[in-house]
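The values are calculated or read from the model by the stated rules, or taken from the named source; none is laboratory data. Every value quoted in this text rests on a predicted model; they were computed, and no experiment measured them. Glycine also receives a Cβ, built like all others from the backbone with ideal geometry; neighbour counts cover every protein chain displayed.
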């Protein structure tokens, strides 16, 4: 079975099922696990990701307003690879290639059409179900069940350790400028980490907010987790931002995580995201491993 995955989270799901050798093509954003680097890249972005977060958002909105896609699919290479299965998503037109983009490419084909797997998680439970769904479609249901069993077992261990901790209010920022609060599965994994999310409900799409929204709400901790940015890039964007975070987040504990690798990928590594949250929110109970460099504390006055 030849599999093409056009979204990083799906690539990680496929590999967690032991099917890395079945992958014959990936997206330009797929970078985990090791061993997939040399696979053909079938997508590219129309947006310069080296721009500031503000300019990236402006460019994306301009493309979407024209009714166009943010991404390009290499239809010729896709046809040459001739996969049996293509996995993509319809959750977000900004995050990755959409199911509609793929269908447009397939309409050009004369050969037998591959199976399309469309992922669209909103809740954490949807992510779990997606792993099972992909496992079923790829004839790897037993492997998928084992992955879920491990995730559930580790979450139960985490919850027991959290029994003696106090709940804290946490604000999670998914985009820096304009300011966007993380939604979807983030409020749920915060709840698992014994934290109360601020400004948004579970399952709701991430939303833009104003600086006054921040000043009018109480929270203890702020975690920056921009979609597509690693820790270094996020810290740089915070410094370059026109928003006065030093004043807005005065007397708050502020942290930066690798949103690109963990929180914004609805796949098996959301378990690691929960562990990261626990290390940040409850450091007396969950001792961090500095060598992993998965999060950093930030002093906004520097």
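Here are a few things to note about the model shown:
- The listed residues are 218, 169, and the only one of them that is closer than 26 Å to residue 154 by Cβ, touching a residue at least 40 places away in the same chain (Cβ under 8 Å) and surrounded by fewer than 21 Cβ atoms within 10 Å (Cβ to Cβ) turns out to be 169.
- Note on segment 223-248: residues that are under 18 Å from the mean Cα position of the chain (by Cα) and either within 20 Å of residue 184 (Cβ to Cβ) or without any contact (Cβ under 8 Å) to a residue 60 or more places away in the chain (or both) total 11.
- Residue 170 vs. criteria more than 16 Å from residue 264 (Cβ to Cβ) and out of contact with any helix residue (DSSP H, G or I) (no Cβ under 9 Å at 6 or more places or on another chain): no
- The set of residues in segment 220-239 that are out of contact with any helix residue (DSSP H, G or I) (no Cβ under 7 Å at 6 or more places or on another chain) and under 14 Å from residue 179 (Cβ atoms) comprises 222, 225, 227, 234.
- Residue tally, condition under 19 Å from residue 140 (Cβ atoms) and either free of Cβ contacts under 8 Å to residues at least 12 places away in the same chain or not assigned by TED's automatic domain parsing to the domain that holds residue 72 (or both), over segment 7-48: 1
- Residue count for segment 147-166 under the criterion of being over 17 Å from residue 273 (Cα atoms) and surrounded by 15 or more Cβ atoms within 10 Å (Cβ to Cβ): the result is 1.
- Selection from segment 49-60 of residues that are in contact (Cβ under 8 Å) with a residue 40 or more places away in the chain and either surrounded by fewer than 15 Cβ atoms within 10 Å (Cβ to Cβ) or not assigned by TED's automatic domain parsing to the domain that holds residue 72 (or both): 49
- Single residue of segment 179-214 satisfying the filter (out of contact with any strand residue (DSSP E or B) (no Cβ under 6 Å at 6 or more places or on another chain) and within 20 Å of residue 286 (Cα to Cα)) that is surrounded by the fewest Cβ atoms within 10 Å (Cβ to Cβ): 191
- Among (1) part of a helix (DSSP H, G or I); (2) touching a helix residue (DSSP H, G or I) at 6+ places or on another chain (Cβ under 9 Å) - the single one residue 63 does not satisfy: (2)
- Annotation note: Cβ proximity below 6 Å between a residue of segment 69-96 that is surrounded by 20 or more Cβ atoms within 10 Å (Cβ to Cβ) and a residue that is in a strand (DSSP E or B) and at pLDDT below 85 (sequence gap 6+ or interchain) occurs for 96/89.
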